[in-house]
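Below you'll find the structure, written out as structure tokens, and then a few comments.
The values are calculated or read from the model by the stated rules, or taken from the named source; none is laboratory data. This is a predicted model, so every value here is computed, not measured. Neighbour counts run over all protein chains shown; Cβ positions are idealised from the backbone, glycine included.
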Amino acid sequence: MRYNVRFKDVAKLTDEPLVPLKVEDLEKLPGIDDESPIQPPSAKWLERYDFSLDGHSPFEILKPKTQEEKERLVFGFMSGLEKLLDPQSNWTFLKILKLTLDYCVRCQTCSEACHVYISSGRQEIYRPTFRSEILRRLYQRYFTPSGKLLKSFVGADIELNFKTVWRLLELAYRCNVCRRCAMYCPIGVDNALIAREIRKLFSQEMGLAPLEILKKGTQQHLAVGSSTGMTPAAFKMFVESIEEDIEERIGKKIKIPVDKKGADILLIHNAGEFMAWPDNPAAFAILFDAAGINYTLSSEPLGYDVVGYGLWFDDMEATRTLLRHVLIAKELGVKKIVVGECGHAHKGLCVISDRILPGDLALSEMPRESCFPLFWDIVKSGRIKFDPSRNNFHTTLHDSCNIVRLMGIYKPQRDVVKAVCAKPTREMTPHGAFNYCCGGGSGFAIMNTLNFGQWRKKVSERMKTKQVIEAFKDVLDPKEQKYVIAACSNCKGALRDLIGQYGLFEKYNIIYGGLVELIVNAMVDIPPFLKWEFETH
Amino acid sequence: MPVIEHKGIKINVDDDGYLVNPKDWNENVARALAEIEGMGELTKDKMDIITFMREFFEKYQSFPMLGMVCKNIHQPQKCVTEQFIEPLKAWKIAGLSKPGPMVLGYIKGHSFIVKPG
């Protein structure tokens, strides 16, 4: 069923969720008949934490009990909201934020573009406009003269209490910030940005953000060097270990250059690759070595981890990491930075840094590029011989939102796949800039506090699950091997999650992985590289 | 902080069962933790894995790459998942404190290998 939630319901002072999600309410998944039910939070959790939006939460933060605690939340929010709309304290994305608040015509075109809204069985609270409207009404009511006087007559009728504030915080973390809604909007307003700006309000004003992306995310990244907690010494060990692994597998010793001054390219991976998918940096090393690319990795803290989680929720944190990446490249004297297979790092380094870093860093002198056009340059150059029959399985291409929709890098991946795979890739419906988010976007792939992982599996990853099954619908037989190309760490995390959750490997023999692994697997001069396996929990 | 007692050994652990102070660790504690985790007896192969994890952490303050563990102690490439099913159990028995969520998130998938069909 669809729960009839009105905007003012977010102020309800009950612990009952506004939308108690049930599997039968969600969009039906083809090819999955035995889906497990959604587990409600345990009694112990319900007593301690707030699940009053939809029975899920990524915040292990005790519910406010005293009046003082409740007021702190409300006043913090008010103060943050005032700053958010003041050009003196927030200039980075203010224009588009203001335009969205002022000009959205509530036509709801964006709702039908949102995978979370559709997957949830079209629940009101997940409309891209729902959280924006709450923010808009609160602003009108408390910061505009007409709202203060006339309230409901001008639509400024939402009570502001600690529950409103908490539910708005939760709502900001029910959006993948994939910006598909913004693409479909006929007048170009950006409701995803509003979700992101609400997160920013909470993080910058009150330090409220999920543990995984703030305390153990950006803060750990800046303190240790990587959000995985990987120290520079450990990174060097990992590189050595990958070198040994490559030698065993291809019978040739390859030196992975680290801190090489004056190289052409500084290549930065998402450090999560070393932990979870070490074959990805290994494949980069094999390919770049064979193509004779003069590149280097960096062992400086942050220099070996390209993530910048601040992009999802906090301008300060985003700037701190971006600044270090650019400075490290300048110190090494490289000609450009190339971002590995990591979507949000593409957005951060190639797009956002131009907007938020000061101009005197001479950023224009430090070009920042995606790895995909470089892959295609290498493949089409003819320097390396490929045998597409090595990749003689079905593939489908998942488009990372940041790389494809945001940056328009659409063709290089497809050209590469055409050149190194035996079968034409099966495009998802829809694909390219219109493709849906993996469901792990904006940090969701690594957020597992309390029962948030369940929400991700059931709701935000649902559309991708459907797309993957549909892309392979005529070859679902497990005898046919199928590979989902997901050239982004976060997307890989989400694909692993959904393939595991819905048993797509056991049932249908579907695995996932990056793009560079396929290129290296097709290299004639070395033995096949790909391991056909899937690890789940 | 819960204190668990197993066969006369008292162990301070956090809410998730990780040792509070890694210095409290010795082989007897490891055996007790292994039994609590349902791993049964700690064979030499298992002990080698957790010893390497401890040494690696002492030196680099980081969770090691799983393939690297096996290579260094000359065991098959999937040794950690084969021996412990969940790599985090090895971490726990090695007496190291709970890894950060980033590592948990990335490592979690590496638990056991399934076969299609």
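Can you give me the number of residues within the stretch A:322-348 that are assigned to a loop (DSSP other than H, G, I, E, B) and either touching a helix residue (DSSP H, G or I) at 6+ places or on another chain (Cβ under 7 Å) or buried (at least 23 other Cβ atoms within 10 Å of the Cβ) (or both)?
Of the residues in that region, 4 qualify.
Which one of B:97, B:111 is more than 24 Å from residue A:509 (Cα to Cα), modelled with pLDDT under 90 and of a type in the set (S, T, N, Q)?
Of the residues listed, the single one that is more than 24 Å from residue A:509 (Cα to Cα), modelled with pLDDT under 90 and of a type in the set (S, T, N, Q) is B:97.
Pairs needed: first member in the stretch A:399-413, surrounded by fewer than 24 Cβ atoms within 10 Å (Cβ to Cβ); second member anywhere, among the polar types (S, T, N, Q); C-beta distance under 6 Å; at least 6 residues apart or different chains.
Every condition considered, the pairs that remain are A:409/A:370.
So, of the residues in the stretch B:56-89 that are of a type in the set (D, E, K, R) and not in a helix (DSSP H, G or I), which turns out to be surrounded by the most Cβ atoms within 10 Å (Cβ to Cβ)?
So the residue we want is B:86.
Please indicate, with yes or no, whether at least one residue in the stretch A:6-17 is in contact with a Ser or Thr (Cβ under 9 Å, 6 or more places away or on another chain), outside the structural domain of residue A:466 (by TED's automatic domain parsing) and of a type in the set (S, T, N, Q).
yes
Identify the residue in the stretch A:257-296 that is surrounded by 21 or more Cβ atoms within 10 Å (Cβ to Cβ) and in a loop (DSSP other than H, G, I, E, B) and, among all such residues, is modelled with the lowest pLDDT.
Going through the qualifying residues, I end up with A:277.
Hey, any hits in the stretch A:179-193 for a residue that's at pLDDT 95 or above, buried (at least 21 other Cβ atoms within 10 Å of the Cβ) and within 14 Å of chain B (Cβ to nearest Cβ)?
There is no residue in the stretch A:179-193 that is at pLDDT 95 or above, buried (at least 21 other Cβ atoms within 10 Å of the Cβ) and within 14 Å of chain B (Cβ to nearest Cβ).
Which of the residues belonging to the stretch A:163-197 are outside any helix (DSSP H, G or I) and among the hydrophobic types (A, V, I, L, M, F, W, C)?
Answer for the stretch A:163-197, where residues must be outside any helix (DSSP H, G or I) and among the hydrophobic types (A, V, I, L, M, F, W, C): A:175, A:177, A:178, A:185, A:187, A:189.
Under 7 Å between Cβ atoms, at least 6 apart or on separate chains: pull out the pairs that start in the stretch A:42-55 with a residue that is assigned by TED's automatic domain parsing to the domain that holds residue A:174 and end on any residue that is surrounded by 11 or more Cβ atoms within 10 Å (Cβ to Cβ) and of a type in the set (Lys, Arg).
These pairs meet every condition: A:48/A:63; A:49/A:63; A:50/A:63; A:52/A:163; A:52/A:167; A:53/A:167.
Determine, yes or no, whether residue A:125 is among the hydrophobic types (A, V, I, L, M, F, W, C), in a helix (DSSP H, G or I) and closer than 23 Å to residue A:313 by Cα.
Taking the combined requirement at face value, the residue satisfies it.
Please enumerate the residues belonging to the stretch A:217-246 that are within 20 Å of residue B:98 (Cβ to Cβ) and surrounded by fewer than 24 Cβ atoms within 10 Å (Cβ to Cβ).
The answer is A:219, A:220, A:223, A:224, A:229, A:231.
Can you say whether residue B:102 is buried (at least 21 other Cβ atoms within 10 Å of the Cβ), of a type outside the set (D, E, K, R) and at pLDDT below 80, as far as the supplied structure shows?
Values: buried (at least 21 other Cβ atoms within 10 Å of the Cβ): yes; of a type outside the set (D, E, K, R): yes; at pLDDT below 80: yes.
Spelling it out, residue B:102 is indeed buried (at least 21 other Cβ atoms within 10 Å of the Cβ), of a type outside the set (D, E, K, R) and at pLDDT below 80.
Which residue, of A:351, A:379, A:417, is β-branched (Val, Ile, Thr), more than 27 Å from residue A:529 (Cβ to Cβ) and assigned to a helix (DSSP H, G or I)? If you could, list the steps in order and put the result at the bottom.
Numbers: A:379 fails: more than 27 Å from residue A:529 (Cβ to Cβ); A:417 fails: more than 27 Å from residue A:529 (Cβ to Cβ).
After ruling out the rest, the residue left standing is A:351.
Which residues, counting only those in the stretch B:1-39, are within 23 Å of residue B:74 (Cβ to Cβ) and not in a helix (DSSP H, G or I)?
The one that is within 23 Å of residue B:74 (Cβ to Cβ) and not in a helix (DSSP H, G or I): B:39.
Being in contact with a helix residue (DSSP H, G or I) (Cβ under 9 Å, 6 or more places away or on another chain), within 30 Å of residue A:458 (Cα to Cα) and not aliphatic (A, V, I, L, M) is the filter here, so list the residues in the stretch A:47-76 that pass it.
Hits for the stretch A:47-76 are A:50, A:51, A:52, A:54, A:55, A:56, A:57, A:58, A:59, A:60, A:63, A:64.
Suppose we filter the stretch A:210-256 for residues that are in a loop (DSSP other than H, G, I, E, B) and under 30 Å from residue A:175 (Cα atoms); how many remain?
Total meeting the criteria: 10.
Counting only residues that are among the acidic types (Asp, Glu) and more than 30 Å from residue A:185 (Cα to Cα), give me the helices (runs of 4 or more DSSP H) lying completely in the stretch A:1-108 with at least 2 of them.
Counting at least 2 such residues, we get A:67-84.
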